[in-house]
Each structure stands twice: as C-alpha cells, then as structure tokens.
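The values are calculated or read from the model by the stated rules, or taken from the named source; none is laboratory data. Values in this document were obtained by computation on a predicted structure and should not be read as measured data. Glycine also receives a Cβ, built like all others from the backbone with ideal geometry; neighbour counts cover every protein chain displayed.
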Amino acid sequence: MRYISTRGDQTPRRFCEILLEGLAPDGGLYLPERYPQVDAATLSKWRGLPYHALAFEILSLYIDDIPAEDLRALCAKTYTAEVFGSEDIVPLRELEDGVYLEGLSNGPTLAFKDMAMQLLGNLFEYELARRGEELNILGATSGDTGSAAEYAMRGKKGVRVFMTSPDGRMSPFQQAQMFSLQDANIHNIAIAGVFDDCQDIVKAVSNDLAFKRQYRIGTVNSINWARLLAQVVYYFAGWFQATSPEGGEVSFTVPSGNFGNVCAGHVARMMGLPIRKLVVATNENDVLDEFFRTGVYRVRGAADTHETSSPSMDISKASNFERFVFDLLGRDGAKTRGLFHDQVAKTGRFDLSADPAFADAASKFGFVSGRSTHADRLATIRDTDKRFAVLVDTHTADGLKVARAYVEPDVPMVVLETALPIKFAATIVEALGHEPDRPKQFEGIESLPKRVVRLPADADAVKRYIAGHCA
C-alpha cells in the first residue's frame, strides 16, 4: 500500500513514512492510492471477532511495512477491557426503535478521541524505537484531542507533545484534564484566539519544512492518516452490532466540526461497508452543514466563530474536509489544490454548487447534514434522560437531534457518542438541574496545579517555544 497527497504530489510513500509526519510536503493530506475492497464474504468472516482482532484485519489492509505479528500485538495491547471499560470496547445500545448509540467514550479521557489516540501512541513508540529516533508532536485541540493525545503519549519514550488550545474556550473539565498533567514530555500552550488559530499555527509550522525536519515535528490531529485509519474500525464494529448475520445497510450520524470522525466513515463506506447515509451533525458553527446543503464551503473568521455549549465543534475551518473533496472531485489533485491552496487561502471560500460532482455528495457518497442549537441540545438532553434514563453529552445531543430527521424504516441509525457528560457539566446542570456522574479518578481535577504557558496566535512564537524545549 502506498500513499499520495490530495494536492497532487504522486510520490508514493509507505505507511511508516507518513506515520510520523503531518501534512504532505506540498501541503496536502495523505490518502491511500486506493481503498482496499471488503466483500460480503470477508464481512461474514470478520463478524464476531473481538475488537482488537477486527482492528488488526482492517489496519493490515493499509499497513504492510510493520510485520503482521507486531501489528497484531500492538492492536491487542491497545484495545483492552482494562483501558476501555468492557470487552465490547465500543458497546452499542438501542435508544428507541431504529436509533442506536455507539459508546466511544470509555477510554482514559472519556472521549472518542481515545479510540485512535491510544493506538497512535503505541505505533509512535514502536516506530521511533525501531528507528532510534525522537519525535516532537505539535497539535491543536478544541477540547478532546489534546487530552486524548497527552494521556496516550505521557511517559512514551522518544516523544514530546506540544499541544495548542484556544485560551479560555474549553470547558473547565477539559482544561483541567490537560493542564493538570505534570509529565516532563507534555507541554500545554494556550493560544490567544480560537481553535482555527491553533490549527493554522500547526499547519504553518508543518509547512516550514526546514523547521519540521530540524525539530522532527509530527502531528496527532486528524490530518494524521494513522489516526483517521484507526477510527475506521469502529464503523465496522458498529455495523456488525447493528445488523444480523444476513447484513444490510446501516446509517451513521456523526457530530462533526473538523470532519475527521465522519471522514473515517467515508473511508469505511468506500471500502464497501454497507453504509446508507453518513449524517454530518454540526452546531451553530455550521460550515459543513452549509456545504452539504448548498455546495458552498465558506470559512468563518474568529469573530464569526460562535462559542457554544458543544465546544469541541466550535470549528469553522474543517481541515480534514480536503480528503473528502479530493474523492468528490475524482481524485483530481490539481483541482483540489486550486480550491484549498488558492481559493480558500485567498478568499476564504469555494463554490461547487454548479459542479456536477456536488450532486454526488449525497447520491454517490451518502452524505447529508443538519444543524443543532443550544436550545436543541438542552431539549435533547432532557428528552433522552426522561424517556430512556440515558445521559448524553452536548455533542452527542447534537447528533441525536440531527439523526432523527434521517431515520428510515428498517435501516438502523447509529449515532456516534463523542464524550461523557461530565466533560460539559455546566450545560448538563442547565438542562437537568444536577451534575452528571464523575468517574472517581477525576474527582477534584479542576483544583489540581496547572502546567500551561500562554502565547499569542503567532506561529513564530510557538516555534521559538518548541526550539527552547527540545534540548
């Protein structure tokens, strides 16, 4: 298996070459030259496999430069009941007729990002040891990526983490999860700005090839193909749990801001998993919903990025979206580069409404979308608690609200749970009048000493900080 860039660089690279990188040298994102195809016979053979074994089967289709037994051991080491709370790893439960919740939030940081990040930490440590090298990870988080990355990488040999986040724009619990870590290889950088400023800094540093090579800069954001690949597995696991041995189609609703989570569903569908619809659920920052409704991709500036009660989706520049657009445009790297490198960089938008390819977003690729507001979140949290005695977080509530508009008879609708409610306690209190349950290991976390530095929204300032802490 070889990997190419969405912006036209056809230089074939193997998995371990791109594992430790972020963007491709031309500024694009890596994708496989082709999507391996999975037929009904293979799906039948995989049904009933434990999660770690399913992960190995899927990952081995994309990774052929790690010995099979080593990859199998890495998957078995990652996906354990001790780390994820149950043998199911991603348990599925039916809420109401035809609507299911897939539990992805049972890992160490109580968010779906753990599903990929725990594997990524083990892959990084394995490959760096094999090479005798070190890696400095630069990331951006709007809430959950940061803590998932830091908990996965803390104490790992040869790895340092430099995690940027928008100062004051995460929930107190999310901030405390990150900033309370005292590990020497973990560096938290609060940026004076919004998440998109943090993401722009990561891209700017990644595009400085001399700095990137000198300081061995890698990434754990969903622009890293290995992380997105790990997320593909739970679509297969959800499909198996929602269907009988005869199979059939399943739809998935995915709360999405940066398009990484739902892009993994797109990859699963391109592989042949029988997914009917991929429903993109946004909050008030509805850049993705606007695109799927109109064909116009319009980035918002910091002043127009709303601060909401589902803050992990307060994103107005979906960096992973480029992977889907590349496929939408028939894998035309030059055209993709023109849209993102030229039009978005210069005008903040592009318009595919008149392009015949746009019609394929729904008909060929299964994408539809919807939007949820703060009032919708509160109503959904109350309704789900009252009718089913199930407490959901704000982002999962966005997913449930949007999912109900697309439920079809005899097609299970699986809503991907994104986090546990304790991460957004203030909104749960607003909705229900009481605090959500808190796992014992996080008692009093907000009062722990914090380890964080505050910097302006300036890539050079971040580069200076990295250079000063790599000795």
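Things to note:
- Long-range neighbours under 8 Å by Cβ, at least six apart or interchain, first residue closer than 25 Å to Thr373 by Cα and of a type outside the set (D, E, K, R) within segment 428-446, second modelled with pLDDT under 95 and surrounded by fewer than 16 Cβ atoms within 10 Å (Cβ to Cβ): Ile428/Glu435; Val429/Glu435
- Filtered residues of segment 1-47 (kept if in a loop (DSSP other than H, G, I, E, B) and without any contact (Cβ under 8 Å) to a residue 60 or more places away in the chain): Arg2, Thr11, Pro12, Arg14, Ala24, Glu33, Arg34
- Of all residues in segment 233-249, one or more are in a helix (DSSP H, G or I) and touching a Lys or Arg at 6+ places or on another chain (Cβ under 9 Å).
- Top-ranked residue in segment 293-305 [being touching a residue at least 40 places away in the same chain (Cβ under 8 Å) and either of a type in the set (Asp, Glu) or crowded, with 21+ Cβ neighbours inside 10 Å (or both); ranked as nearest to Gly265 (Cα to Cα)]: Tyr297
- Number of residues in segment 78-121 that are under 16 Å from the mean Cα position of the chain (by Cα), in a helix (DSSP H, G or I) and without any contact (Cβ under 8 Å) to a residue 60 or more places away in the chain: the value is 4.
- Of the helices (runs of 4 or more DSSP H) that lie entirely inside segment 306-379, those containing 1 or more residues that are surrounded by fewer than 18 Cβ atoms within 10 Å (Cβ to Cβ) and in contact with a Phe, Trp or Tyr (Cβ under 8 Å, 6 or more places away or on another chain) span 356-363.
- Residue in segment 254-268 that is more than 30 Å from Ser171 (Cα to Cα) and either acidic (Asp, Glu) or in a helix (DSSP H, G or I) (or both) present: yes
- Among the candidates Ala405, Ala375, the residue that is modelled with pLDDT of 95 or more, over 24 Å from the mean Cα position of the chain (by Cα) and among the small types (Gly, Ala, Ser) is uniquely Ala375.
- Residue match in segment 342-352 (condition: closer than 28 Å to Met115 by Cβ and touching a residue at least 40 places away in the same chain (Cβ under 8 Å)): no
- Output for segment 380-406, where each listed residue is among the β-branched types (Val, Ile, Thr) and either assigned to a helix (DSSP H, G or I) or surrounded by 24 or more Cβ atoms within 10 Å (Cβ to Cβ) (or both): Thr380, Ile381, Thr384, Val392, Thr394, Thr396, Val402
- Among the residues making up segment 256-280, those that are of a type in the set (Gly, Ala, Ser) and within 16 Å of Leu228 (Cβ to Cβ) are Ser256, Gly257, Gly260, Ala264, Gly265, Ala268.
- Within segment 407-429, the residues that satisfy the criterion of being surrounded by fewer than 18 Cβ atoms within 10 Å (Cβ to Cβ) and part of a helix (DSSP H, G or I) are Ala426, Val429.
- Residues within segment 174-188 that are over 20 Å from the mean Cα position of the chain (by Cα) and surrounded by 21 or more Cβ atoms within 10 Å (Cβ to Cβ), tallied: 4
- Lone qualifier among Leu339, Leu288, Leu278 - being closer than 30 Å to Arg47 by Cα, modelled with pLDDT of 95 or more and hydrophobic (A, V, I, L, M, F, W, C): Leu278
- Of all residues in segment 430-454 being among the hydrophobic types (A, V, I, L, M, F, W, C) and in a helix (DSSP H, G or I), the one that is modelled with the lowest pLDDT: Phe442
Every residue, every condition in (1) at negative phi; (2) in contact with a strand residue (DSSP E or B) (Cβ under 7 Å, 6 or more places away or on another chain), yes or no:
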residue	(1), (2)
Leu49	yes, no
Leu54	yes, no
Asp64	yes, no
Pro67	yes, no
Leu71	yes, no
Tyr79	yes, no
Gly85	no, no
Val90	yes, yes
Glu96	yes, no
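- Matching residues, segment 230-251, being more than 19 Å from Pro50 (Cβ to Cβ) and either of a type outside the set (D, E, K, R) or surrounded by 24 or more Cβ atoms within 10 Å (Cβ to Cβ) (or both): Ser244, Gly247, Gly248, Val250, Ser251
- Of all residues in segment 340-371 being among the polar types (S, T, N, Q) and within 27 Å of Pro274 (Cβ to Cβ), the one that is farthest from the chain's Cα centre (by Cα): Ser363
- Residues being outside any loop (DSSP other than H, G, I, E, B) and surrounded by 14 or more Cβ atoms within 10 Å (Cβ to Cβ) - total across segment 55-77: 12
- The one condition in (1) surrounded by 15 or more Cβ atoms within 10 Å (Cβ to Cβ); (2) touching a residue at least 40 places away in the same chain (Cβ under 8 Å); (3) not in a loop (DSSP other than H, G, I, E, B) that His52 fails to fulfil: (2)
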